[in-house]
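A.B. asks: This is the structure, below, for whatever I ask next.
The values are calculated or read from the model by the stated rules, or taken from the named source; none is laboratory data. If you're wondering where the values come from, they're calculated on a predicted model, not measured in any experiment. Note that each Cβ is placed from the backbone with ideal geometry, even for glycine, and that neighbours are counted across all protein chains shown. For accessibility, only protein heavy atoms count, side chains too; no ligands or nucleic acids. Shrake-Rupley method; radii C 1.70, N 1.55, O 1.52, S 1.80 Å.
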Amino acid sequence: MKTIWTLGGHDPNAVAGVQADLLTARTLGVMTRTLIGSFTAQSDRRVSLSEPVPKPWLKAQWQTLREQEKPAAIKLGLLNHRELLVFLREALAEIPDVPVIADPVLASSSGHNFSRDTLVAAWRELLFLRLTLLTPNIPETEQLLGYRVDDPETVVRAAQDLRSWGLKAVLIKGGHSKAREPADYFDDGERPFWLVGKRVSRDYRGTGCTLAAAISAQLSKGLSLREAVITAHGFLQTMLARSSAQDAPYLQYEQKPFRSSGLSYHSADGLPQAFAPVSKIGFYPIVPDLIWLKRLVDAGVPSIQLRMKDVPADQVLTSVREAVAYCRDRGVQLFINDYWQLAIECHAFGVHLGQEDLDRLTPREIRTLQKSGLRLGVSTHSYEEAARAVALQPSYIALGPIFHTTCKSMAFGPQGMERVQEWKELCGDIPLVAIGGLKLEHAPTLLGYGASGLSVITDVLAHENPEARVQEWLNSFASYPAQ
């Protein structure tokens, strides 16, 4: 059994510190060991006392647990004495492959300062090189760096400056910002991103502890650091929304599915509005040319995607124009794959873009696409891609490949049908399309898991009677009218 260790402060109210860590990890299905690094006397209003444990106490806790097991991840919280940090540097050196997430509790949410300049320097000197991730909020970032961090530009600069001290990755939490919606900034030196949240009606204690503990728990399950950060952020945002809706005084940790936060590589601000909706997707085949498009439209499909590869540019334009007219006259929802500018020009119903296509679009082009009125479908294969899609608020999100497929070279392995159920929860109200290696017998399960559309290529195009196969697929939706 994999476990995480959490080392930090004891909160008599049991809403922050190691108690919050314990609640978080258990809610996510991960066993937790708690080591006490300090005792506090605090309430919701103030902290009256904070005392670090003696070094022998921490050493005894650590060694006793190490005799029993090796942790899958470690989360550090309130550690307000240099001697404890010295011990940790030595202890962590013995388990160099264990990820360490640090939430540097330098001040409480009520304003109590737990640190001194010498302690800040000790964190940097003794632990920064060993950490997998540091998760400071904005006041803590300012305390670490010595300058104001009050807009997206200085947040980006701050992350770069912190990483220049040897940190592998930084997540600067934006809850203290003055922005309309809070945004956290993640930088691991590869492809930084923003995670956009929503403000709730009250302030909750223990949110920083919860986020860092959730990241640790997700790492223990085998997720990469990027995906652990993304899913942990969605978990916290979901807990905040549910707790606020219940007008609960403290965070409510519920073992229910959580939604994904929105991710942007460009900006801390989300799109002002969603793409135009799709009322119903249903059976949604993908075809390579006009001949197949007309055959399947005449067979009765409600939605279809035209995906042309290695076709001369003049032929693409002609095909898109004719396809749009053919589908419009017959009331079929036509999505053009990749060619979003032609889709706008020809007034198509929608466009489908993969992650590589999105990479080539500037923020201005994405806004142009949205303002055009086109419906947008987005391919996803991972938590990071799902979070990016959620931020775009597209007309639908596609998940695949569900099974092995030879129709397209894929960097991701088969997702499996149960992943559809998880994706439906992550994506919320955005319709979900399952794609990749689907066969007719898979339809009831996938529709039962909440898929709004099922997209196929080979099962129809390679069938001895494609029109009859289309009818069989259409019949499979009869028991699921909502789809």
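A.B. asks: Would you tally the residues in region 159-179 being under 15 Å from residue 147 (Cβ atoms), small (Gly, Ala, Ser) and open to solvent by 10 Å² or more (accessible area, probe 1.4 Å)?
C.D. replies: Total satisfying the criteria: 1.
A.B. asks: Checking residue 4 against (1) under 28 Å from the mean Cα position of the chain (by Cα); (2) open to solvent by 60 Å² or more (accessible area, probe 1.4 Å), which test does it fail?
C.D. replies: Evaluating residue 4 over (1) under 28 Å from the mean Cα position of the chain (by Cα); (2) open to solvent by 60 Å² or more (accessible area, probe 1.4 Å) leaves (2) as the failure.
A.B. asks: Take the conditions at pLDDT below 95 and either over 14 Å from the mean Cα position of the chain (by Cα) or under 18 Å from residue 387 (Cβ atoms) (or both) and apply them to residue 196. Does it pass?
C.D. replies: yes
A.B. asks: Return the residue satisfying two criteria in turn: it lies in region 464-483 and is within 24 Å of residue 419 (Cα to Cα) and in contact with a helix residue (DSSP H, G or I) (Cβ under 8 Å, 6 or more places away or on another chain), and of such residues it is surrounded by the most Cβ atoms within 10 Å (Cβ to Cβ).
C.D. replies: 473
A.B. asks: Checking residue 434 against (1) of a type in the set (Gly, Ala, Ser); (2) without any contact (Cβ under 8 Å) to a residue 60 or more places away in the chain; (3) open to solvent by 10 Å² or more (accessible area, probe 1.4 Å); (4) closer than 19 Å to residue 279 by Cβ, which single condition isn't satisfied?
C.D. replies: (3)
A.B. asks: Return the only residue of 78, 92 being at pLDDT below 95, under 20 Å from residue 123 (Cα atoms) and of a type in the set (A, V, I, L, M).
C.D. replies: Result: 78 is the single residue among 78, 92 that is at pLDDT below 95, under 20 Å from residue 123 (Cα atoms) and of a type in the set (A, V, I, L, M).
A.B. asks: Across region 51-69, what is the total count of residues that are open to solvent by 90 Å² or more (accessible area, probe 1.4 Å), of a type in the set (Asp, Glu) and at pLDDT 95 or above?
C.D. replies: 1
A.B. asks: Does residue 56 count as free of Cβ contacts under 8 Å to residues at least 60 places away in the same chain and assigned to a loop (DSSP other than H, G, I, E, B)?
C.D. replies: Details: free of Cβ contacts under 8 Å to residues at least 60 places away in the same chain: yes; assigned to a loop (DSSP other than H, G, I, E, B): no.
It is false that residue 56 is free of Cβ contacts under 8 Å to residues at least 60 places away in the same chain and assigned to a loop (DSSP other than H, G, I, E, B).
A.B. asks: Within region 280-374, which helices (runs of 4 or more DSSP H) (wholly inside it) include 2 or more residues that are within 17 Å of residue 398 (Cβ to Cβ) and open to solvent by 60 Å² or more (accessible area, probe 1.4 Å)?
C.D. replies: Of the helices (runs of 4 or more DSSP H) lying wholly inside region 280-374, those with at least 2 residues that are within 17 Å of residue 398 (Cβ to Cβ) and open to solvent by 60 Å² or more (accessible area, probe 1.4 Å) span 355-359.
A.B. asks: Out of 399, 440, 461, report the one residue that is touching a helix residue (DSSP H, G or I) at 6+ places or on another chain (Cβ under 8 Å), touching a residue at least 40 places away in the same chain (Cβ under 8 Å) and open to solvent by less than 60 Å² (accessible area, probe 1.4 Å).
C.D. replies: That would be 461, the only listed residue that is touching a helix residue (DSSP H, G or I) at 6+ places or on another chain (Cβ under 8 Å), touching a residue at least 40 places away in the same chain (Cβ under 8 Å) and open to solvent by less than 60 Å² (accessible area, probe 1.4 Å).
A.B. asks: Of the residues 323, 348, 343, 391, only one is touching a strand residue (DSSP E or B) at 6+ places or on another chain (Cβ under 9 Å) and closer than 16 Å to residue 263 by Cβ; which?
C.D. replies: When all the criteria are applied, what remains is 391.
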